[in-house]
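Report on the following structure.
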Amino acid sequence: MTARLLSGKEAAAAVEAEVAERVAALAAQGKTVGLATILVGEEPASQIYVRGKHRAATRAGMRSFDHVLAAETPPADLERLIDRLNADPAVDAILLQIPLPGGLDPLPFVERLDPGKDADGLHPVNLGRLLLGRPGLRPATPAGILRLLDHYAIDTRGAFVVVVGRSFLVGRPLAVLLSLKGRDATVAVAHTATADLRGLTRQADILVAAAGRPGLIGPEHVRPGAVVIDVGINRTADGLAGDVDFAAVAEIAGAITPVPGGVGPMTIAGLLENTVAAAEARAGQ
């Protein structure tokens, strides 16, 4: 392996320490920070992520409220829970774990969240503020990726970035964040139907794989020395796999994130940052 390993665990620990200081400052003013999570169903990967989020919130000094609903929970019951948490003064931020079971569309439930309590930064109000370059809660995974790049002093100014993936969770908001003033990257958004994907990705200074297709990106897709960020978390017969063929790509990339231990911890870090920011806003700071 020749590529530098970009550990999300190391970078997330630094973010968590910053968040803990902000939580402590609020506590000194008599304000406790509360994060509520909603998990519907028993999908193993979602259970692991939610447990990790609770542990991180506790380490940062937050109160953590855990709500687990059966997969067959009627949508009206989920709506009532969201309404109750929206109105609960002890809850500063709410995380609805996605995906929902049975192919249930998460968007109506995300839209039901109080935008000021949107821990994942995915409410249309927050996405709209992002598009306009206005302050607001940012999508947790894209924000975490930017913090990871910052931690390892990877400059995006003037860089050509290719984001493979166009979901509202990662691909599209990350492209917007990277193109904002101060980041100043030139960004191309690609996907599995892109003509000559290999030709496009080989031009990238920074390549982000977020298509949800295990092994989609091989060494033939990567320019030697490029930075490769693997957002994929795919369960295969051989265990967890990213969207990048890690072993092969690590031989030619300049830097690369592992799966697991790369972007995953940074998503949690982004969630914690949103939670304390929401609490500070509610406290008038």
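Any residue in segment 182-204 that is among the aliphatic types (A, V, I, L, M) sitting within a Cβ distance under 7 Å of a residue that is in a loop (DSSP other than H, G, I, E, B) and surrounded by 13 or more Cβ atoms within 10 Å (Cβ to Cβ)? List the pairs, counting only those 6 or more apart or interchain.
ALA185/THR156; ALA185/ALA159; VAL189/ARG166; LEU200/THR194; ALA204/ARG223; ALA204/ALA226
Does ILE145 fit the bill of being β-branched (Val, Ile, Thr), under 15 Å from the mean Cα position of the chain (by Cα) and over 16 Å from LEU95 (Cβ atoms)?
On the way: β-branched (Val, Ile, Thr): yes; under 15 Å from the mean Cα position of the chain (by Cα): yes; over 16 Å from LEU95 (Cβ atoms): yes.
Against the criterion (β-branched (Val, Ile, Thr), under 15 Å from the mean Cα position of the chain (by Cα) and over 16 Å from LEU95 (Cβ atoms)), ILE145 qualifies.
Test GLY165 against the criterion of being in contact (Cβ under 8 Å) with a residue 24 or more places away in the chain, open to solvent by less than 10 Å² (accessible area, probe 1.4 Å) and within 18 Å of ALA140 (Cβ to Cβ), and give yes or no. It would help to see each step written out before you state the result.
On the way: in contact (Cβ under 8 Å) with a residue 24 or more places away in the chain: yes; open to solvent by less than 10 Å² (accessible area, probe 1.4 Å): yes; within 18 Å of ALA140 (Cβ to Cβ): yes.
Considered against the rule, which asks whether it is in contact (Cβ under 8 Å) with a residue 24 or more places away in the chain, open to solvent by less than 10 Å² (accessible area, probe 1.4 Å) and within 18 Å of ALA140 (Cβ to Cβ), GLY165 comes out as yes.
Do we have VAL228 as in contact with a strand residue (DSSP E or B) (Cβ under 6 Å, 6 or more places away or on another chain), closer than 12 Å to ALA3 by Cβ, free of Cβ contacts under 8 Å to residues at least 60 places away in the same chain and not basic (Lys, Arg) here? Give the derivation first.
Numbers: in contact with a strand residue (DSSP E or B) (Cβ under 6 Å, 6 or more places away or on another chain): yes; closer than 12 Å to ALA3 by Cβ: yes; free of Cβ contacts under 8 Å to residues at least 60 places away in the same chain: no; not basic (Lys, Arg): yes.
Here the answer is no, as VAL228 does not meet what is asked.
If PRO106 meets every condition in (1) under 18 Å from the mean Cα position of the chain (by Cα); (2) surrounded by fewer than 16 Cβ atoms within 10 Å (Cβ to Cβ) apart from one, which number is that one?
Looking at each condition in turn, PRO106 falls short on (2).
Restricting the search to segment 43-66, which residues are surrounded by fewer than 17 Cβ atoms within 10 Å (Cβ to Cβ) and of a type in the set (Lys, Arg)?
Within segment 43-66, ARG51, ARG55, ARG59, ARG63 meet the criteria.
Among the numbered criteria (1) surrounded by fewer than 22 Cβ atoms within 10 Å (Cβ to Cβ); (2) over 26 Å from ALA87 (Cβ atoms); (3) free of Cβ contacts under 8 Å to residues at least 40 places away in the same chain, which single criterion is violated by GLY128?
That leaves (2) as the condition not met.
Tell me which residues, restricted to segment 24-42, are closer than 19 Å to ALA277 by Cβ and open to solvent by 10 Å² or more (accessible area, probe 1.4 Å). Before you say what the answer is, go through the steps one by one.
From segment 24-42, those closer than 19 Å to ALA277 by Cβ are 24-37; that's our starting set.
Across segment 24-42, the qualifying residues are ALA24, ALA25, ALA27, ALA28, GLN29, GLY30, LYS31, THR32.
Could you look through segment 129-179, keep only residues that are of a type in the set (Gly, Ala, Ser) and assigned to a helix (DSSP H, G or I), and pick out the one that is nearest to GLY8 (Cα to Cα)?
Residues of segment 129-179 that are of a type in the set (Gly, Ala, Ser), as a first pass: 133, 136, 140, 143-144, 153, 158-159, 165, 167, 171, 175, 179.
When the remaining residues are screened for being assigned to a helix (DSSP H, G or I), the result is 140, 143-144, 171, 175, 179.
Working: ALA140: 14, ALA143: 13, GLY144: 9, GLY171: 19, ALA175: 20, SER179: 23 Å.
Per the criteria, the residue is GLY144.
Every residue in segment 1-23 that is touching a strand residue (DSSP E or B) at 6+ places or on another chain (Cβ under 6 Å) and open to solvent by less than 40 Å² (accessible area, probe 1.4 Å), please. Outline the logic, then answer.
Initially, segment 1-23 is screened for residues touching a strand residue (DSSP E or B) at 6+ places or on another chain (Cβ under 6 Å), giving 3-4, 6.
Matches in segment 1-23: ALA3, LEU6.
What are the residues in segment 230-258 that are modelled with pLDDT of 95 or more, of a type in the set (A, V, I, L, M), buried (at least 20 other Cβ atoms within 10 Å of the Cβ) and closer than 18 Å to ILE145 by Cβ, if any?
Pass one, segment 230-258, residues modelled with pLDDT of 95 or more: 230-231, 243-258.
Next cut, of a type in the set (A, V, I, L, M) only: 231, 244, 247-250, 252-253, 255-256.
Within this subset, residues satisfying the condition of being buried (at least 20 other Cβ atoms within 10 Å of the Cβ) are 231, 244, 249-250, 253, 256.
Result: VAL231, VAL244, VAL249, ALA253, ILE256.
The values are calculated or read from the model by the stated rules, or taken from the named source; none is laboratory data. Everything numeric here is computed off the predicted structure, so don't read it as measured data. Cβ coordinates were reconstructed from backbone atoms using ideal geometry, including for glycine residues, and neighbour counts include every protein chain displayed. Quick note on the areas: whole protein, heavy atoms, side chains included, nothing else; ligands and nucleic acids left out. Shrake-Rupley method; radii C 1.70, N 1.55, O 1.52, S 1.80 Å.
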